[in-house]
Amino acid sequence: MRLSRYFLPLLKETPAEAQIVSHRLMLRAGLIRQEAAGIYAWLPLGIRVLNKIKEIVHEEMNRAGAIEILMPTLQSADLWRESGRYEAYGKEMLRIKDRHDRELLYGPTNEEMVTEIFRGYVRSYKSLPLNLYHTQWKFRDEVRPRFGVMRGREFLMKDAYSFDIDKEAARKSYNRMYVAYLRTFARMGLKSIPMRAETGPIGGDLSHEFIVLADTGESQVFCHSDLLDMPIPGEDTDFDGDLEPIIKSRTDLYAATEDVHDQDRFEAEVPEGKRLSARGIEVGQVFYFGTKYSAPMKAVVAGPDGKEVPVEMGSYGIGVSRLVGAIIEASHDEAGIIWPEPVAPFDVALINLKSGDAATDAACEDIYARLTKAGVEVLYDDTDERPGAKFASMELIGIPHQLIVGPRGLKAGVVEVKNRATGAKEELSMDAAVNRFAPA
Ligand code: ATP
Ligand code: MG
């Protein structure tokens, strides 16, 4: 992408309304624009990051055996009357009437709808286990939308729903999502800790919140500090195998959100030097809630004995749009964002220090063409801004690698490669620089 033809609206001033660093940087780096309280438009750089996050989430869902669908944002109120949640959900639900006065709502979550889909087709335990997921915009009319995309009213969530014949099978489905979540967040460069959590209005009796530690987080959490450095299950994890040991290695150590925290137990179980009490951001949650929806909504399946039983369910959410903010909270410096490579909007920032200088332009065009052809995503700053302004912009938007090309270096046959995270700089020949990012 050539910057001269791109749409990258950077802000010079720090927006006054933004209270936390990720919100400030998302506005300044031109990722989002607020359209109403808690409602954001995603600008070109922002949507690239959002899509990368979503792709990682989907890859890990698929690996764990979940199947993608897409449910609509609008749902019928009657569906929610079946579960009894239409009234119970209260003011957070955005209720809408169509021209025929039919009651609709903008979905805050999808348990009811996915249960309705399931009961329309599945009759036998032989079709189980089944896990259906989608990534779709949700609306919750939060009292206090704040911190940008961290607590929006409209936000993007991946939600998965598991269906099983009995509790034991449901537990296995739960474990698959738990392990998938460990992998998902680690791939984005985040250290997430699963913590025992209250099940809240969704109900049920087994739940973990995945927390990323950050001072600006809205949750108070307590855990054994060893949980920060546990090994992440590898790509070769057998999701059909026994995942219980992976889960147990973590649940053996104390970790709880404030709602279920027990200070006496914390002090009894965790050595003083390992007691971590901190703020955290909830990036995902896994729930097992049994037949809470399937029973009232009559989603039943015949077991091996021919008897019909309500299907055992769980739901599994990830805050896809919240993650953009969470990643920035975890990875930034004074100058701006530092994207972990897997979610970076571009791989390489190519900086032309003297646009209009024939030799510099030619070298940049050559590098740009070769990298692009190799599938490397390059943002090429071909504008005639001053070098200082170009550097500041690239530091702000946080592309992991900068490739800096100027007349002085070219005379000596070199270009400069700079790592955004470490600040380390290297001088390389043009070929070596291209090779670094696009190995032949
Ligand atoms: P919170 O406690 O932060 O309000 P929640 O527990 O109500 O969240 P869930 O129903 O568990 O949310 O939704 C799944 C995920 O969606 C959460 O883990 C979070 O990452 C994300 N999420 C929830 N509410 C919001 C919001 N208002 N803005 C952005 N992301 C959200
Ligand atoms: Mg939650």
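The values are calculated or read from the model by the stated rules, or taken from the named source; none is laboratory data. Note that this is a predicted model, so its numbers are computed, not measured. Note that we place each Cβ from the backbone using ideal geometry, even for glycine, and neighbour counts take in every protein chain shown. Surface areas here come from the heavy atoms of the whole protein model, side chains and all, with no ligands, DNA or RNA. Shrake-Rupley method; radii C 1.70, N 1.55, O 1.52, S 1.80 Å.
Summary table
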{"read-out": "Percentage relative contact order, the chain, counting C-alpha pairs under 8 Å, at least six apart", "value": "17"}
{"read-out": "Nearest-20 debye value, the chain charge dipole, Cβ charges on Lys, Arg, Asp, Glu", "value": "960"}
{"read-out": "Rounded to whole Hz, the Karplus (6.51, -1.76, 1.60) HN-Hα couplings of segment 289-299, x for glycine and proline", "value": "10, x, 10, 3, 9, 5, 5, x, 8, 6, 8"}
{"read-out": "Sites Asp384 and Leu70, calculated FRET efficiency, Cβ-Cβ separation with R0 45 Å, nearest 0.05", "value": "0.55"}
{"read-out": "Cα gyration tensor shape of segment 358-411, rounded if a/c is under 1.5, else prolate or oblate by comparing a/b with b/c", "value": "oblate"}
{"read-out": "Eligible aspartates and glutamates near Lys390 by straight Cα distance, threshold 13 Å, same-chain separation 8 or greater", "value": "Asp381, Asp382"}
{"read-out": "Members of Lys354/Lys425; Lys97/Lys158; Lys167/Lys248; Lys52/Lys411 lying beyond 29 Å, as alpha-carbon distances in this model show", "value": "Lys52/Lys411"}
{"read-out": "Distance histogram in 10 Å bins (all Cα pairs of segment 58-211, percent per bin)", "value": "9, 33, 40, 16, 2"}
{"read-out": "At R0 = 25 Å, FRET efficiency that the Cβ-Cβ distance of Lys274 and Glu168 yields, to 0.05", "value": "0.15"}
{"read-out": "Given 15 as the ceiling on other Cβ atoms within 10 Å, longest exposed-site-free region of the chain for trypsin sites (Lys or Arg not before Pro) in DSSP loops", "value": "308-440"}
{"read-out": "Segment 280-411, dipole about Cα centre (Lys/Arg Cβ +1, Asp/Glu Cβ -1), debye to the nearest 20", "value": "280"}
{"read-out": "In Hz, Karplus ³J(HN,Hα) per residue of segment 44-59 (6.51, -1.76, 1.60; θ = phi - 60°; x = Gly, Pro)", "value": "x, 5, x, 5, 4, 5, 4, 5, 5, 4, 4, 5, 5, 4, 5, 4"}
{"read-out": "Aspartates and glutamates with Cα under 15 Å of Lys126, excluding same-chain neighbours fewer than 8 positions away", "value": "Asp164, Asp166, Asp305, Glu308, Glu312"}
{"read-out": "Electrostatic dipole magnitude of segment 92-216 [Cβ: Lys, Arg +1; Asp, Glu -1; Cα centre; debye, to 20]", "value": "420"}
{"read-out": "Segment 242-285 - percent of accessible surface contributed by carbon and sulfur, probe 1.4 Å", "value": "43"}
{"read-out": "Probe 1.4 Å - accessible area at Glu427, Å² to nearest ten", "value": "130"}
{"read-out": "Whole-number accessible area per residue in Å² for the chain, which is evaluated in the context of all protein chains at 1.4 Å", "value": "45"}
